[in-house]
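In what follows, a single structure is set out as structure tokens and then discussed.
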Amino acid sequence: MPDGRPYRAMTFNVRTVVAEDGPDEWEHRKNLVAAVLRFHRPDVAGLQEAFARQVDYLDDALADYEWVGRGREAEAREGEFVPVFYRADRFELVDTETFWLSEVPDDPGSVGWSAEHPRIATRADLRDRETDATVTHVNTHLSHVDERARVESASLLRERLAAVEGPTVLTGDFNCTPGSAPYRVLVGEDAAGDPLADAREVARHTPLGPTATKHEFHGRVTDCIDFAFVRGLDVTQYGALADHWDGRWPSDHLPVMVELTAGKNG
């Protein structure tokens, strides 16, 4: 964080409520998700696949946090949220918005390009209570079915972030891997606005944990699709967190946490 004071940001796909998950269904692991957040104490956490009942549970379970966001459908409580949780003792909310990853980003419920569902991004501008510096955290979840939608969504995110002054973090489940077209849009020079940096690639210290982040509740990770991208921040540490309870996993994704300070890596 500015003035050299570090803070920690997390991205965590918490897996939505799916009855077919059986013993891994939300009601059987919601306490594990809360435990990960409570123990690792990120200052800011972007979550994906959290529907209203899941957000409500975490809001009750995490007394030190406040959050912003809404559902992706036209009605604010309907569909997936991509909320940004933040520690209220560390940060104060300055401004927030949710926009849709579509040709009409300010139209609630709009579906972009060939995506199967509406997709959204939540932005939180947060002021550090001690230093008075502000950081912008944007959290998202790209389409799981359509490459064009992912590329166009990445371009829209770059365009929106170009208007942000100051340190910026973009977290999410991007449903793409390093080197893919959407990834190149975010980190490359061929889109509007300054490119972002993949926190894992620019971390000062050796990254902790596996490279990949997606598994099927068995811990054998297969794909790296969860990222933290940064601009105007120095990444001191990166970790893909493999917490589990004797083989019981809080989600089918590993959370990723990064430690950040003011700098030039991003």
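Taking the conditions exactly as written (at pLDDT below 95, crowded, with 19+ Cβ neighbours inside 10 Å and over 16 Å from the mean Cα position of the chain (by Cα)), does G266 satisfy them or not? Judged against the criteria, G266 is a match.
Taking the criterion of being of a type in the set (K, R) and in contact (Cβ under 8 Å) with a residue 40 or more places away in the chain, the only residue of segment 30-44 that qualifies is R41. Taken together, L93, L126, L101 contain a single residue that is surrounded by 22 or more Cβ atoms within 10 Å (Cβ to Cβ) and either modelled with pLDDT under 95 or more than 15 Å from G172 (Cβ to Cβ) (or both), which is L126. Taken over segment 187-201, the criterion of being at pLDDT 95 or above and either buried (at least 18 other Cβ atoms within 10 Å of the Cβ) or part of a loop (DSSP other than H, G, I, E, B) (or both) is satisfied by V187, L196, A197, D198, A199, R200.
For segment 104-123, residues that are touching a strand residue (DSSP E or B) at 6+ places or on another chain (Cβ under 9 Å), surrounded by fewer than 21 Cβ atoms within 10 Å (Cβ to Cβ) and polar (S, T, N, Q) total 1. Out of all the residues in segment 31-48, is one or more in a loop (DSSP other than H, G, I, E, B), in contact with a helix residue (DSSP H, G or I) (Cβ under 7 Å, 6 or more places away or on another chain) and surrounded by 14 or more Cβ atoms within 10 Å (Cβ to Cβ)? Checking segment 31-48: not a single residue is in a loop (DSSP other than H, G, I, E, B), in contact with a helix residue (DSSP H, G or I) (Cβ under 7 Å, 6 or more places away or on another chain) and surrounded by 14 or more Cβ atoms within 10 Å (Cβ to Cβ).
Do we find that Y86 is of a type in the set (S, T, Y) and more than 18 Å from the chain's Cα centre (by Cα) in this structure? The answer is no for Y86.
The values are calculated or read from the model by the stated rules, or taken from the named source; none is laboratory data. Fair warning: this is a prediction, and the values are worked out from it, not measured in the lab. We place every Cβ from the backbone using ideal geometry, glycine too, and count neighbours over all the protein chains shown.
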